[in-house]
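The values are calculated or read from the model by the stated rules, or taken from the named source; none is laboratory data. Note that this is a predicted model, so its numbers are computed, not measured. Note that we place each Cβ from the backbone using ideal geometry, even for glycine, and neighbour counts take in every protein chain shown. Ligands, DNA and RNA are excluded from the accessible area calculation, which covers all protein heavy atoms including side chains. Shrake-Rupley method; radii C 1.70, N 1.55, O 1.52, S 1.80 Å.
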Amino acid sequence: LENAFERELQKGLLAGISIEKDHSVIAIVGEGMAFRPGTGAVFTKAMANSGVNIRTIAQGSSERQISICVEKEDCTKALRAAHAALALSNTQLSIAVIGATGMVGHEFLEQIVESNRVVDAPQTAGARKALDELALDFKVTALAAQQNMRLSYNGIGGVDCTSRDAVRELIAEDGSEEVQKTDLEVLTRFLNEDFNGNRVVIDCTASQEVAQFYPRWLALGIHVVSASKKAGSGDLSLYNECKRLAKSNAQWFYETTGPGSGLPVLSTLKDMTQSGDRVTRVSGIWSGSISFILNGLKEGLPLSEALKAAVEEGLCEPDPREDLSGLDVRRKTVVLARELGLAITMDDIQIEETLLPAALARWSPSGTAPVAEQLIEAIKPYDAEISERIAALSADGMTPVQLSVVDIAAGTATIGLTAVDTESRTARCSANENIVEIESKRYSASPMVLQGPGAGAQITASGLFADVLALSRTLVDWTIPSFNEE
């Protein structure tokens, strides 16, 4: 090379020649790629999505070959990423579900399976698969629970199970190399080494430990879809770091952590503010479990019975004290307030009366019985006290609700049991319904109203699935155009 470019080196046209070792060349070759726009973009984007750095790139004048040079250790990953991107097949999304054996995790897996089934019913006129129009394939590569996890780049077979027990069997120790003790560090390495650059973690837990990994995953280009409120309502520095990384590295979706669970509240607020509207106040009933319990109390049920019914419906948190004390709705309120630009914490939320009897404020469970069962028994002596409070709030044509209010102008957020007019929109929420009223510059004469079921594993899982679909729409590659030679 030095002999061949002797004159260029002498004249300074070339700065010099150096040798770098341990590199590999990946090339795509084909007659069909000549004069077709977009092939090179798909190739290089596949490298970027898989975390492969391109050192050099070259394309011949015939446009029938594109070659790139990468580090040798990235060769296999680059080759697999190229195969996946240029197979002219659907975009593939690698999914890791944490909390897979919980009610929400299992329901989410069921909905993934359902989305791949062809609907053939008279009322749908043989509708296509839900994902057909997106040209998207889901591949579950990781299932994790508290004790064990199963990892497989080829996808985990048998996910189309019909019970939580079947999911537990998938991650039970069976001598397979795919099953191991749950370790978030190991899971992170597994996700980072996946040749498919489209990777997403679905957090179906309520774990602070899992939430602490969000910045790591986002920094590695791993998307996060969360049902956990721990990152959105917890330490402000963690929230800010996740939001910062989500602007450039990967995407963070958390619609189900705000008011309404499966209702599109946060995305609606984001669309409003990004389109120039100015939200001034958001209020309503933001806890599906408390809505359900209050409706039971208004029908004459004692609190213990109303709580038991809510637990049996799967509407409460694992520890129902978080519902009765207002802790869960406080988290939702913080998530919403931060989405609107208020830098508040849980301690900034003013919460007035709650449904948890004052005498049980420091109560804690004991023994091995479920927390919900123990709490129901502990509440029974206070049923009459709570019923009297509800009766007082129900006098003179009024009805009791748990009203949450975020006042953007004042920078405040409040929650509490209060009485509203029985004929009001808020008072007419039935069962586990939530209602969110949004007042803004554009909606000043009459607020925008979002209303619907706001609790339960099915509703939460559908919200997660909606977030996954929203993410997927940003990942699906545009189709390389085919030109008719005629």
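May I ask you to verify whether V406 is at pLDDT 95 or above, open to solvent by less than 20 Å² (accessible area, probe 1.4 Å) and not charged (D, E, K, R)? The answer is yes for V406. Looking across the stretch 451-475, the residues that are out of contact with any Gly (no Cβ under 6 Å at 6 or more places or on another chain) and of a type in the set (A, V, I, L, M, F, W, C) come down to A461, L464, F465, A466, V468, L469, A470, L471, L475. One residue is enough: does the stretch 300-319 have a residue meeting the conditions under 22 Å from the mean Cα position of the chain (by Cα), open to solvent by less than 70 Å² (accessible area, probe 1.4 Å) and of a type in the set (V, I, T)? So far as the stretch 300-319 goes, no, none of its residues is under 22 Å from the mean Cα position of the chain (by Cα), open to solvent by less than 70 Å² (accessible area, probe 1.4 Å) and of a type in the set (V, I, T).
Is it the case that some residue within the stretch 187-197 is open to solvent by 30 Å² or more (accessible area, probe 1.4 Å) and under 30 Å from R331 (Cβ atoms)? Yes, some residue in the stretch 187-197 is open to solvent by 30 Å² or more (accessible area, probe 1.4 Å) and under 30 Å from R331 (Cβ atoms).
Scanning the stretch 336-355 for residues that are of a type outside the set (D, E), surrounded by fewer than 24 Cβ atoms within 10 Å (Cβ to Cβ) and within 23 Å of the chain's Cα centre (by Cα) yields a count of 8. Screening the stretch 249-366 for helices (runs of 4 or more DSSP H) wholly inside it with 2 or more residues that are without any contact (Cβ under 8 Å) to a residue 40 or more places away in the chain and more than 21 Å from L403 (Cβ to Cβ) returns the ranges 265-274, 303-312.
Please indicate, with yes or no, whether at least one residue in the stretch 462-484 is open to solvent by less than 50 Å² (accessible area, probe 1.4 Å), at pLDDT 90 or above and in a strand (DSSP E or B). Scanning the stretch 462-484 turns up no residue that is open to solvent by less than 50 Å² (accessible area, probe 1.4 Å), at pLDDT 90 or above and in a strand (DSSP E or B). The set of residues from the stretch 198-248 being part of a helix (DSSP H, G or I) and open to solvent by less than 20 Å² (accessible area, probe 1.4 Å) comprises V210, A211, Y214, W217, L218, A231, G232, S233, L238, Y239, C242, L245. A count restricted to the stretch 55-74 and to residues that are surrounded by 14 or more Cβ atoms within 10 Å (Cβ to Cβ) and closer than 20 Å to R199 by Cβ stands at 2.
Each row is one residue, and each column tells you yes or no for (1) without any contact (Cβ under 8 Å) to a residue 40 or more places away in the chain; (2) touching a helix residue (DSSP H, G or I) at 6+ places or on another chain (Cβ under 9 Å); (3) surrounded by 11 or more Cβ atoms within 10 Å (Cβ to Cβ); (4) under 30 Å from A84 (Cβ atoms).
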site	(1), (2), (3), (4)
S24	no, yes, yes, yes
G30	yes, yes, yes, yes
A34	yes, no, yes, yes
T39	no, yes, yes, yes
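The set of residues from the stretch 175-213 being small (G, A, S) and under 18 Å from L471 (Cβ atoms) comprises just one member, G197.
Exactly one of (1) open to solvent by 50 Å² or more (accessible area, probe 1.4 Å); (2) among the hydrophobic types (A, V, I, L, M, F, W, C); (3) touching a strand residue (DSSP E or B) at 6+ places or on another chain (Cβ under 8 Å) is unmet by I19. Its number? Tallying (1) open to solvent by 50 Å² or more (accessible area, probe 1.4 Å); (2) among the hydrophobic types (A, V, I, L, M, F, W, C); (3) touching a strand residue (DSSP E or B) at 6+ places or on another chain (Cβ under 8 Å), I19 fails exactly one: (3).
Scanning the stretch 146-167 for residues that are outside any loop (DSSP other than H, G, I, E, B), closer than 30 Å to N90 by Cα and open to solvent by 40 Å² or more (accessible area, probe 1.4 Å) gives a single hit, R164. Filtered by the rule that a residue be open to solvent by less than 80 Å² (accessible area, probe 1.4 Å), out of contact with any strand residue (DSSP E or B) (no Cβ under 8 Å at 6 or more places or on another chain) and over 21 Å from P37 (Cα atoms), the stretch 77-86 gives a lone residue, K77.
I'd like the residue in the stretch 409-424 that is in a loop (DSSP other than H, G, I, E, B) and of a type in the set (A, V, I, L, M) and, out of all such residues, is most open to solvent (accessible area, probe 1.4 Å). So the residue we want is A409. If you check A227 against the conditions, is it within 20 Å of G452 (Cα to Cα) and touching a helix residue (DSSP H, G or I) at 6+ places or on another chain (Cβ under 6 Å)? Criteria met by A227.
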